[in-house]
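One structure is given below, encoded as structure tokens.
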Amino acid sequence: MSAIFTARRMLPATIFCLGLLPITGAPAYGQSMSTVRLTAQNQKLSAVLEDWQAQSGMRLLFANSLVDSCRVSLQHTGPALSVLHRLLQTTPFEAVSQGGNLWVIAPKSSQVRRLIALAGAVFDAQDERPLEGAEIFLLPAREHARTDSLGHYRISQARPGRNRLRVKRVGYEDYSTELVLSGEIAPHVPIALTPKNMTTPEVLVEAQRLPRNINGLLAQQTLSRHGLTLSALSRPDEVFEILQQQPGVSHREADDVFPHVEGGSASEVGIELDGVPIFVPTYSRNRRSLFSATTIDAITLHRSGYGASLGGAMSGFIALHSREIREQPYRFYGGLSTNGFGVGANHYSEKIAWSGLLRRANVEQDLDFHTFSANDLFNKFELQFSPQRRLTFLSLVAQGSLTQSNSFRIRETMTHSSGLRYDGPGHAILLYHSALQDWLTETGFKLDVTHQITSASALHAGAHAARLIGENRLTALDSLGEFKYIKDTFPYTNARNLLLARQKVNLLSPHFSVRLMQPFWSMEVGARVPTILSDGRVWVEPRVQFTLTPAPVVQLTLAAGDYHQFTDRSFASEAKSGDSPGAGEYVVRAEAHSPSRARHWRGEISFRPQADWALAVAGFKKQYDFAGQFYLGRINYHIWQIPLAHGHSSGMEFWLGKVRGLSQGWLSYTHSHARYVSAGGTSFQPYFNRERILSLAFTRYVSSRVQLKWHYSRASGYPVRAWDLGHIEVRPNDSAEELARAYFSETRESGSRAQLAFGLSWLMAGSDKPHTFEAAVLHTHEEQLSGEMQGSFRLWLALHFAK
């Protein structure tokens, strides 16, 4: 018998079955007077009932899966029926006579429909350490819980009967089991999760994990949904800002959220959402990203030396992963803040699921001191064929994403990205289309296949085909102060038209990698082979990563790779980062027949002496060979284009973090150096380089509902150009090399900027689901070696609701 739901449902079926069985034995009265002695110490109820049967000679009918939700401790001696009633007195069951010597153990009719509690703990199946941040889902009741720092969870409103318990955590295999709950008992359900042996690159959900213990490598660092909430932020619901607090990531200004990775420009960073490339992922002058923390499950930051499954970016890669629809416990959710509002909903059944979020935010315009409304709409549809097969459609539409730099001013631009993805056992297929208005479009296809060759080896292979076309619509680099507009012709006689958005590429990039895994070492060797279909030119990009694990808490990683960049998807974000009122500098890519190239080398060592602490130290070096890259310098109405030939960046990264417990946080430090070399041989430091970056984040869970946050960061060693617009003499006839030597080659001043933020998160009890109130105050302080200083304060409030 599988389960007993209610006495009303069970008894008729039981009586019918009994009619088919011969009823034999002595009269119930005589047996009920027999003496029974029961002694139990935290034993399953089924075992005690079987003992009672053996001693009394009477028969009991019950379901083990139902009654074993109870454990009992007792010591009783007396008549059989008296002992049976005393045994069941503290349980949610009762004995119902069926005549003769047969009794049925059924749920008490007064307790059948009551809500009960479910509790337990989640731990690592290999080393038995508790796992914090695991997501617990009880279906079909849609109840949800998250494990605490000790791995404990509790669901207080579970319904009796048959339930499906699902558990998910990044880096571990999903867990699912069936539970039969009854009465008011809170059964303790321990859950052991098995670490994933290999993650497919297209669905990376966690940083590379050291065997058993270490999971904090920087080469492929993942910030989970929980990690995105640990630090105080300068604006609500901003996922990019947390990336800037990690080693090797910098940004131009205090309000610029676009992450520059290890000395690279914004145009050298690839950004994808579930594998779909995103054009211009920020609003205004990079004041806000298009992505909401509500819909993002994790962000994987790929630094130098990443694998063969990723390509088309020379500096780094940012892969965002949307949240699983069936993991969202709320049907309706939203929020109000001092910056805007958002409202979302989701619905799912056994086969079909949908989730959507609409946001509207006010973004400041620096030049005219006005604000404009930025709007984005996220939709995700899912069709589940089986546990291993599903079809997903993803769409992200944003209005006003380009809007303003100091060289571009477009009020109403639309960027939209969509993808149709099929996931099956060991493979995934993606069709996507991304566009910036009708000026820049990309249509592509991705195939990824993973095959476990042996228990110690695996193969990952695939292909990426893409067609990118850009029209010549964004060539007007105007510098007219507060009067920004788009022109069809280049307004300056001392600079030629760069055709910034003029791109036409048909590219096919097969890739493969083989991973070998041994107890003390592992190696992944692969290659990417981009091919231009129009003329058949082929490039080979070898990638290799070697990992040595001399002890369970230590891991050493060495990585190297070759990378080519054929297109520029983030040129507008780069322009928005570098240009400023009156003067500016940023990297642009003109139409070119050959790709730019980068070579990466990386070494990293990670430690995890305890389950709560992790430490990583890394060094990297990159060399660039540019093709069609220009460094644009502007002073007032005059623009110079400096052709770039070579470049390099190198540095060291340090990260120390406490990743579990009531107090969590991290300390990160980066020391880096980047230089560009022009075609004329002038070497200079690019505007986005930050030689020293210190970041400290701390959060304290005062209670289960209140979280205090604190963050401090300081970036120093960035160039401050010697072009005071009130004193310099602009000579339009100077060549680009003369400008580079005069204003870029020697950095006469070095600037520094510090930020200090305090935040509060309060989980309130709503009428149906908990709501959250958040607040933060931020102070920014900037100074230069000349002694000039300036500072600013910011305060924001937000209220999130869910039902």
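The values are calculated or read from the model by the stated rules, or taken from the named source; none is laboratory data. Since the model is a prediction, treat every value here as computed from it, not as a measurement. As a convention, Cβ positions derive from the backbone with ideal geometry for all residues, glycine included, and neighbour counts pool all protein chains shown. For the accessible areas, the whole protein counts, side chains as well, though only heavy atoms, and no ligand, DNA or RNA atoms are used. Shrake-Rupley method; radii C 1.70, N 1.55, O 1.52, S 1.80 Å.
Remarks
- Leu310 being in the same structural domain as Glu238 (by the TED database) and under 22 Å from Arg467 (Cβ atoms): no
- Residue identified as in contact with a Lys or Arg (Cβ under 8 Å, 6 or more places away or on another chain) and among the β-branched types (Val, Ile, Thr) among Ile352, Ile278, Ile318, Ile299: Ile278
- Counted as qualifying within the range 246-347 are the strands (runs of 3 or more DSSP E) with 3 or more residues that are modelled with pLDDT of 85 or more and under 17 Å from Val397 (Cα atoms), namely 269-273, 316-322.
- If you go through the range 251-262 and keep only what is in contact (Cβ under 8 Å) with a residue 40 or more places away in the chain and open to solvent by less than 10 Å² (accessible area, probe 1.4 Å), you end up with Asp256, Phe258, Pro259, His260, Val261, Glu262.
- Scope the range 605-654; condition in contact with a Leu (Cβ under 6 Å, 6 or more places away or on another chain) and more than 20 Å from Gln685 (Cα to Cα); matching residues: Ile605, Ser606, Phe607, Leu615, Ala616, Ala618
- Those residues of the range 686-708 which are basic (Lys, Arg) and either in contact with a helix residue (DSSP H, G or I) (Cβ under 7 Å, 6 or more places away or on another chain) or surrounded by fewer than 22 Cβ atoms within 10 Å (Cβ to Cβ) (or both), in sequence order: Arg692, Arg700, Arg705
- Residues considered: Ser69, Ser110, Ser56. Of these, the only one that is modelled with pLDDT under 80 and surrounded by 16 or more Cβ atoms within 10 Å (Cβ to Cβ) is Ser69.
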